[in-house]
Amino acid sequence: MPGRSAIGLDIGTSGVRAAELSYGRGGMTLEKFGQVALPEGAVRDGMVVDRPVVVGALKALWKGSGFRGKKVALGVANQQVVVRQVDLPWMRASELKASLPLQVQDYLPMAVADSVIDFHVTEEVNDGGPRLLRGLLVAASREMVMSNVAAVEAAGLRATSVDLTSFAVLRSIGKPHAAVATEALVDVGARISNLVIHSGGQPRFVRVLLSGGQDVTDAVAERLGVPTALAEGIKRGGPDELSEQESELVTSAVDLMLEVFVDDIRSSLDYYGASNPQFPVERIVLSGGGSLLAGVAERLEQVTRKPVVLGDPVAGLHIGRTGLDAAQLSAVQPLAAVPVGLALGVIS
């Protein structure tokens, strides 16, 4: 019997996904993984818009995937999330938590009362001046967080923690690597992508990008004048009966959106590099459903001149009775980084 278990829940633009992990003497085990698709517009920029639809999808996810627990670690990421590096006066952890609202107001574009805030300490600074805590300040719109929590509770579940999805990605695919000191993790979602730069598991830079695989689908749909569902299939390599002109339109649409997305990553890496020359990024690790789009890895390598590899969020995990065969596990692997990382945050 496992000693502890946790369920990570990711409410994304294109679907809801959850992973259950258990921890025992033999290590960490992936017990369950499941996902249910969402229609366009149910979740917009990381915020639940159509609660009944999302609630229905969550209930279907729990029934279809065999999750028994009701407590979940919920992930959040959208344009209303602020992540920035700040230095605060040194204090004990208990004091820091209590005084954080007073310490960080000047760093936020929104009122503390309207925010859910946290501070992730990365290092202590003591260079002859006042002793400081350096870290990443995370602030999210309270309205956005509570909207998603309300949907979870309406589905009969309970959100015991709310975590930044970027940190979840770091836990699941940001494993320390002997040959690489600092790397950039890029989890490509449908509308939102997470960029995390870390050194040996210690986060140094986080950025939430409002772009992803769905933008490519939209571009294909617009160029061909077809429904989004059909454009999604065309984007992934079918149907085969496209005319030469239509194929050229698809290729140009995909290339254009890839160029925009890759340029966002490149400019973010340039910004980080100018501020952190002592910790240069040595490689890029890709995950997320959008990472499956042909040409993403190659284009990133070409533009950034850094090696690009695919992340594996289930590497190092034992595989339990998930109900998924080897082919299904391989198919969901790129999609598992966020829910697996959220669960890891509870039991690791």
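In the range 81-141, Cα pairs under 8 Å separated by at least six residues give a relative contact order of 50 percent.
Sort T182, T122, T217, T160 so the one with the fewest other Cβ atoms within 10 Å of its own Cβ comes first.
Fewest-to-most ranking of T182, T122, T217, T160: T160, T122, T182, T217.
Taking the three principal axes of the alpha carbon atoms in the range 176-311, the coordinate ranges are 51, 24, 20 Å, sorted in descending order. Using a cutoff of 8 angstrom between alpha carbon atoms and counting only pairs six or more residues apart, the relative contact order for the chain works out to 21 percent.
Packing, taken as the mean count of other beta carbons within 10 Å per residue, orders the peptides 247-253, 207-213, 337-343, 8-14 from highest to lowest as 337-343, 8-14, 207-213, 247-253. The Cβ shell under 14 Å around R207 holds other residues with a net charge of -1, Lys and Arg each +1, Asp and Glu each -1. Taking the centroid of alpha carbons for each part, the range 19-47 and the range 157-212 are 16 Å apart.
In the chain, inverting the average of 1/r over every pair of distinct C-alpha atoms gives 21.1 Å as the Kirkwood radius. With the helix formula -39500 (n - 2.57) applied to DSSP H stretches of n ≥ 4, the chain reaches a computed 222 nm mean residue ellipticity of -11500 deg cm²/dmol.
Within the listed set G46, G66, G290, the Gaussian network model of the chain (springs between alpha-carbon atoms below 10 Å) gives the highest mean-square fluctuation for G66. Calculated on the alpha-carbon coordinates, the convex hull of the range 81-141 measures out at 76 cubic angstrom per residue. Separation of the range 281-342 and the range 100-133, taken as the distance between their Cα centroids, equals 33 angstrom. Over all Cα atoms in the range 308-348, the spread is summed up by Rg and Dmax: 10.8, 32 Å.
Read-outs: derived from the displayed coordinates by stated rules, not from any lab. Being a predicted model, the structure only gives us computed values, none of them experimental. Here Cβ is always computed from backbone atoms with ideal geometry, including for glycine, and neighbour counts include all displayed protein chains.
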